[in-house]
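What follows is one structure encoded as C-alpha cells, with my remarks underneath.
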Amino acid sequence: MNKSLNDLAPGEGGRVASVEGGLRVRQRLHSLGFVEGATVHKLSNLAWGGPVVVEVNRVQVAIGRGMARRVSVEV
Amino acid sequence: MRNERNPSRSEAKKSRADWSRKHLELDLLLVGQPNVGKSVLFSRLTGVRAVVSNYPGTTVSYTAGRMRSGEVTYRVVDAPGTYSLEPLDEAAAVTIDLLDDAGRIINVVDAGHLERHLALTLELLEQNRPIAVALNMSDEARRNGIHVDAVALEAELGVPVVAVVARTGEGVKQLIDRCLSLPPAPRCSGDEAGHPGHHPHLRRLSQDHLLSEPKGHVHLDPDRVWQRIGRISERVQRLEHHRHGLTERLEELSVHPLWGSLLAVFVLAAAFVLTRMLGEFFITGGVGIVGEPWLTLPFGTELLFERAVRPLLTMFSGALHPGSLLHRALIGTLVDGQIDFMQSFGILTSGIFIPLGVVLPYLVSFYFVLSLLEDSGYLPRLAVFLDSFMHRLGLHGYAIIPTLLGLGCNVPGVMATRILESKLQRFVAATLISIAVPCAALQAMIVGLVGRHGVAPVLLVYGILAIVWLLISLVLRITLRQFRPELLMEIPPYRFPVPRALAAKLWIRISGFLREALPIIFVAIIAVNVLYQLRLFDRLAVLAEPVITRLWGLPPEAVVPLMVGILRKDLALGMFAPLSLTLKQLIIGSVLLAMFFPCIATFVVLFRELKVKDGLKSVGIMLLAVFGTGTVLNLVL
C-alpha cells in the first residue's frame, strides 16, 4: 500500500515509490535522498502544521507538509 | 564584526579575476555537499581559520587561503556547500563559477552517507576536470558500522579516492599528494577578461548552464544516475548491523513533538542563563544566576580597570591641563573630579572601558554558548520546532539561525540570511535582524546601564524589541503576499563539540570585534568632540527637537547618541549615561537606539546583500518603525 510521507505514522517506514512535482522540487527532494527505492522511516509530525521529520538513507530530514505530500512511500 | 571570512562578492570577483590570470594552474577547489566538513579540511590544508559549525550552510560565500607543499604555494578555495551543480540556489551558482577557474578539485564526501554524496561526485566527473575524492568522516562512519572500500570506489569512479578524517588530519597528507599528482586543468577561456561590469551573477550562470550547455554538459537522467549510485555503493560499501546508541536515541527524542519542545525550552533557557552567568562573572567576578551573586571572586574587568587602569589615567589626567583639547579627547570630562569610565567619554577612558570592560566579556560568553549550540548540531533541530511558528510570520524555521547569529553581531546575521532560499525570505529576515535584533555589544550596554534599575526594565527593553520584531514580520507578511517556500533541510547528527575548533571559532569572532570595533570607537569619540566644538550638535538638536522631545519624550541632547549609533551602538548607548535620563527615557532611548539605523558595518552588508532598491525599502521600514515605536512608547509607558 502506498502512503504519503504525511500519512505515515511515527515509527512506520517503507520504500519511496514515487516523487511528484515540478522539476525543481523533485531535484531538491532527490538531492536529499528521496529517490525511488530509498528506505524511509517516519520519526515525527511536528505540531501546529509544522514539518514532518523522516529518516532517509540514515539521514534525518525535516520536510514541510506540502512537499511531504508529494513523496509516496510503499509500506 | 565582519570577520566571518566571507569576502564581499565584488572583492571576490576581483580577486578571482586576478588569480585566473596569474595562478590558475595552482588552484585547488574544495567542493561538496553542505555540512560535510569542507571548512574543517580547508583549515587543515591552509592553516586559515574558517568558521566551522554543525549545520548546513555555515560557509555562505567562499573562503580563500594558501597551502604550502614542498616549494610551491597553492591557492586553496573552500566553496559553499551545494547539493548539485544545477544553479538552483546561490551556493550552487558560486560553486559553478569557481569550478571554471579551478586547476584541481577535491570533492569532499561523507563516508557515512555515500549514496547521497555520490550524486554530486558524478556530476563533477561529467566536467572532465582533475578531481580527487576525499572520503571524509570515515571514523564516524566506521563507528556507525559503515565501511567504505576506498580502493574499490577509486576503481568505480576512475579518480583518486582517499579516506580522511579532516578533524584529526588522518589521511590528509596522502590526499594532497594524490591530488597534486593530477595534471591541472588548462585555463578556462571564458574568463580571460575577468568579469566585466556588474552583470547579475546568478543570471549569467544560469544562462551559461541552462542555455548554452558548456563543455557538452547534458542533463543526466536522474533515475539512471540513482541506479548507477545504487550499483556503486553496493560494490564498495559494507554495512554492519548497528545497535542504537545513546546519541541516536537523543536524536529521535529531540524531534519528538512533546519531548522535543520541552528540550527546546530547556536548551534556550539554559543558554540564556549560562550566557548571563559567564558574562557577569567576567565583568564583576560574581558567581550566581540572577539577582545578588552567591559569592564574588577577585576577578573581572571592573576590578582590572579600577586597580590597574585608574591610577595610571588619574596620573595622566593630572599631567594634562583639564580644559585642554587633548584632555577632552583622551580623558574626557571628569565627574566630581574623578574619571568615570562610563561617563567621561575620552578615548582612553570610556573608549577603552566600553569595548573591553563591558562588551568583550559579554561577547566572549555569548559566542561561547552560541558555539556550543552550533557545534553540537542543536540549531537545526530548534529550526524544525520553530518552523510552524515562523511560517505564521512569513519566514521559515531556518531563519532562526541568522537571527541567533544576529544576536551576536548583525553583520554575520545578515550575511547568513543567504541560507534562506527565496529572495523575499532573505529580505524579511535581513530587515528584521537589522531593526529589531540587538547585537551582543548593545545588549551588554543595555544590561550594564538599564540593569542598574533592576532586571525588570531590562526584560521590558527585550520584550518591546520582541514585539516590534513580531509586528514588523506580521505587517510584511500581510503586505508582501508572495509564495514562501517550505522547510526542507537535513538535520545533522549530534556531535560532541571539539574544543580546539570551538576555541578557533571564538577567536575568529572576538579578534574580528577587536580589530573593527576599537578603531570605529576612537574615530567616533574624536568626531563627537569635533562636532561639539563646531556647535553642530546644538543646531541638530534644535532641528530634531520636535520629534525627539515632543514625540518621543527624550531630551534634545539625545540626538547625539542617536547619531553616534550609526557608527557604534554600544558607545552610543553609553552616551545616554551622562544625560541623567529618567528610567522611562532610558528605556525608550535604548529601544530606539537599537532600532534607529543599523550600525555602519551592518548598513554596508545590508545593502550589499539586498542591493540598493531593497536596501532602501528596508531603511524605509526601519524609519516608520522607529517613529511609530518611539511615539507609542512615550504615550504608553
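The values are calculated or read from the model by the stated rules, or taken from the named source; none is laboratory data. Just so it is clear, the structure is predicted and the values come from calculations on it, not from any experiment. Don't worry about glycine lacking a Cβ; one is built from the backbone with ideal geometry, like all the others, and counts go over all protein chains shown.
What about residue B:359, is it more than 14 Å from every other protein chain (Cβ to nearest Cβ), under 30 Å from residue B:525 (Cα atoms) and in contact (Cβ under 8 Å) with a residue 12 or more places away in the chain? Spelling it out, residue B:359 is indeed more than 14 Å from every other protein chain (Cβ to nearest Cβ), under 30 Å from residue B:525 (Cα atoms) and in contact (Cβ under 8 Å) with a residue 12 or more places away in the chain.
Would you check if there is a residue in the stretch B:270-278 being in contact (Cβ under 8 Å) with a residue 40 or more places away in the chain, assigned to a helix (DSSP H, G or I), of a type in the set (Gly, Ala, Ser) and under 30 Å from residue B:525 (Cα atoms)? No, because not a single residue in the stretch B:270-278 is in contact (Cβ under 8 Å) with a residue 40 or more places away in the chain, assigned to a helix (DSSP H, G or I), of a type in the set (Gly, Ala, Ser) and under 30 Å from residue B:525 (Cα atoms). Considering only residues in the stretch B:393-413 that are surrounded by fewer than 24 Cβ atoms within 10 Å (Cβ to Cβ) and free of Cβ contacts under 8 Å to residues at least 60 places away in the same chain, the one that is farthest from residue B:481 (Cα to Cα) turns out to be B:407. Set side by side, the residues B:331, B:347 differ, and just one is free of Cβ contacts under 8 Å to residues at least 24 places away in the same chain, farther than 27 Å from residue B:403 by Cβ and β-branched (Val, Ile, Thr), which is B:331. Restricting attention to the stretch B:213-221, does a residue exist that is within 13 Å of chain A (Cβ to nearest Cβ) and at pLDDT 90 or above? No; the residues of the stretch B:213-221 include none that is within 13 Å of chain A (Cβ to nearest Cβ) and at pLDDT 90 or above. So, of the residues in the stretch A:33-46 that are farther than 21 Å from residue B:395 by Cβ and among the aliphatic types (A, V, I, L, M), which turns out to be farthest from the other protein chains (Cβ to nearest Cβ)? Looking at the filtered set, the residue picked out is A:40.
The listed residues are B:462, B:494, and the only one of them that is of a type in the set (Phe, Trp, Tyr) and part of a helix (DSSP H, G or I) turns out to be B:462.
Note on the stretch B:484-515: residues that are more than 27 Å from residue B:116 (Cβ to Cβ) and either within 14 Å of another protein chain (Cβ to nearest Cβ) or touching a helix residue (DSSP H, G or I) at 6+ places or on another chain (Cβ under 7 Å) (or both) total 5.
Kindly check whether there is at least one residue in the stretch B:519-542 that is touching a Pro at 6+ places or on another chain (Cβ under 9 Å), assigned to a loop (DSSP other than H, G, I, E, B) and either of a type in the set (A, V, I, L, M, F, W, C) or within 25 Å of residue B:469 (Cα to Cα) (or both). So far as the stretch B:519-542 goes, no, none of its residues is touching a Pro at 6+ places or on another chain (Cβ under 9 Å), assigned to a loop (DSSP other than H, G, I, E, B) and either of a type in the set (A, V, I, L, M, F, W, C) or within 25 Å of residue B:469 (Cα to Cα) (or both). Of all residues in the stretch B:443-473, those that are among the aliphatic types (A, V, I, L, M) and under 16 Å from residue B:403 (Cβ atoms) total 7. Filter the stretch B:79-102 for residues that are under 22 Å from the mean Cα position of the chain (by Cα) and over 16 Å from residue B:30 (Cβ atoms); which is modelled with the highest pLDDT? Result: B:93. Scanning the stretch A:16-32 for residues that are facing chain B (nearest Cβ under 7 Å) and either touching a residue at least 60 places away in the same chain (Cβ under 8 Å) or over 13 Å from the mean Cα position of the chain (by Cα) (or both) returns A:24, A:27. When residue B:588 is tested against the conditions (1) touching a residue at least 12 places away in the same chain (Cβ under 8 Å); (2) out of contact with any helix residue (DSSP H, G or I) (no Cβ under 7 Å at 6 or more places or on another chain); (3) not aromatic (Phe, Trp, Tyr), the lone failure is (2).
Residues in the stretch A:47-75 that are more than 7 Å from every other protein chain (Cβ to nearest Cβ), buried (at least 24 other Cβ atoms within 10 Å of the Cβ) and closer than 11 Å to residue B:490 by Cα: A:54, A:56. Considering B:347, B:354, B:401, the condition of being β-branched (Val, Ile, Thr), more than 14 Å from chain A (Cβ to nearest Cβ) and either part of a helix (DSSP H, G or I) or farther than 22 Å from residue B:599 by Cβ (or both) is satisfied by B:354 alone. As a summary of the residue check, residue B:607 satisfies the conditions (1) hydrophobic (A, V, I, L, M, F, W, C); (2) within 30 Å of residue B:340 (Cα to Cα); (3) surrounded by fewer than 23 Cβ atoms within 10 Å (Cβ to Cβ); (4) out of contact with any Lys or Arg (no Cβ under 8 Å at 6 or more places or on another chain) except for the one numbered (2).
For residues that are under 29 Å from residue B:385 (Cα atoms) and buried (at least 17 other Cβ atoms within 10 Å of the Cβ), scanning just the stretch B:495-524, find the one that is farthest from the chain's Cα centre (by Cα). Here the residue is B:497.
Scanning the stretch B:566-587 for residues that are surrounded by fewer than 24 Cβ atoms within 10 Å (Cβ to Cβ) and assigned to a helix (DSSP H, G or I) yields B:577, B:578, B:579, B:583, B:584, B:585, B:586, B:587.
Yes/no matrix, rows are residues, columns are (1) without any contact (Cβ under 8 Å) to a residue 40 or more places away in the chain; (2) crowded, with 21+ Cβ neighbours inside 10 Å; (3) of a type in the set (A, V, I, L, M, F, W, C); (4) assigned to a helix (DSSP H, G or I):
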{"residue": "B:59", "(1), (2), (3), (4)": "no, yes, no, no"}
{"residue": "B:67", "(1), (2), (3), (4)": "no, no, yes, no"}
{"residue": "B:86", "(1), (2), (3), (4)": "no, no, no, no"}
{"residue": "B:105", "(1), (2), (3), (4)": "no, yes, yes, no"}
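Residue by residue, here is whether (1) modelled with pLDDT under 95; (2) surrounded by 22 or more Cβ atoms within 10 Å (Cβ to Cβ); (3) within 21 Å of residue B:521 (Cβ to Cβ); (4) among the hydroxyl-bearing types (Ser, Thr, Tyr) holds:
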{"residue": "B:415", "(1), (2), (3), (4)": "yes, yes, no, no"}
{"residue": "B:420", "(1), (2), (3), (4)": "yes, yes, no, no"}
{"residue": "B:438", "(1), (2), (3), (4)": "no, yes, yes, no"}
{"residue": "B:441", "(1), (2), (3), (4)": "yes, yes, yes, no"}
{"residue": "B:445", "(1), (2), (3), (4)": "yes, yes, yes, no"}
{"residue": "B:454", "(1), (2), (3), (4)": "yes, no, no, no"}
{"residue": "B:463", "(1), (2), (3), (4)": "no, no, no, no"}
{"residue": "B:471", "(1), (2), (3), (4)": "no, no, no, no"}
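The residues of the stretch B:39-56 that are more than 14 Å from every other protein chain (Cβ to nearest Cβ) and touching a helix residue (DSSP H, G or I) at 6+ places or on another chain (Cβ under 9 Å), listed by number, are B:40, B:41, B:43, B:44, B:45, B:48, B:49, B:50, B:51, B:52, B:53. Once the stretch B:88-103 is narrowed to residues that are more than 14 Å from every other protein chain (Cβ to nearest Cβ), hydrophobic (A, V, I, L, M, F, W, C) and closer than 19 Å to residue B:125 by Cβ, the residue that is surrounded by the fewest Cβ atoms within 10 Å (Cβ to Cβ) is B:99.
Across the stretch B:112-134, what is the total count of residues that are within 28 Å of the chain's Cα centre (by Cα) and over 19 Å from residue B:226 (Cβ atoms)? Result for the stretch B:112-134: 1. Would you mind stating whether residue B:225 is among the β-branched types (Val, Ile, Thr) and modelled with pLDDT under 85? Yes, satisfied. I'm trying to understand the selection: among the residues of the stretch B:357-398, which are closer than 23 Å to residue B:606 by Cα and in a loop (DSSP other than H, G, I, E, B)? Residues satisfying the conditions are B:393, B:394, B:395, B:396.
Could you please let me know if residue B:534 is touching a residue at least 40 places away in the same chain (Cβ under 8 Å) and out of contact with any Phe, Trp or Tyr (no Cβ under 7 Å at 6 or more places or on another chain)? Spelling it out, it is not the case that residue B:534 is touching a residue at least 40 places away in the same chain (Cβ under 8 Å) and out of contact with any Phe, Trp or Tyr (no Cβ under 7 Å at 6 or more places or on another chain).
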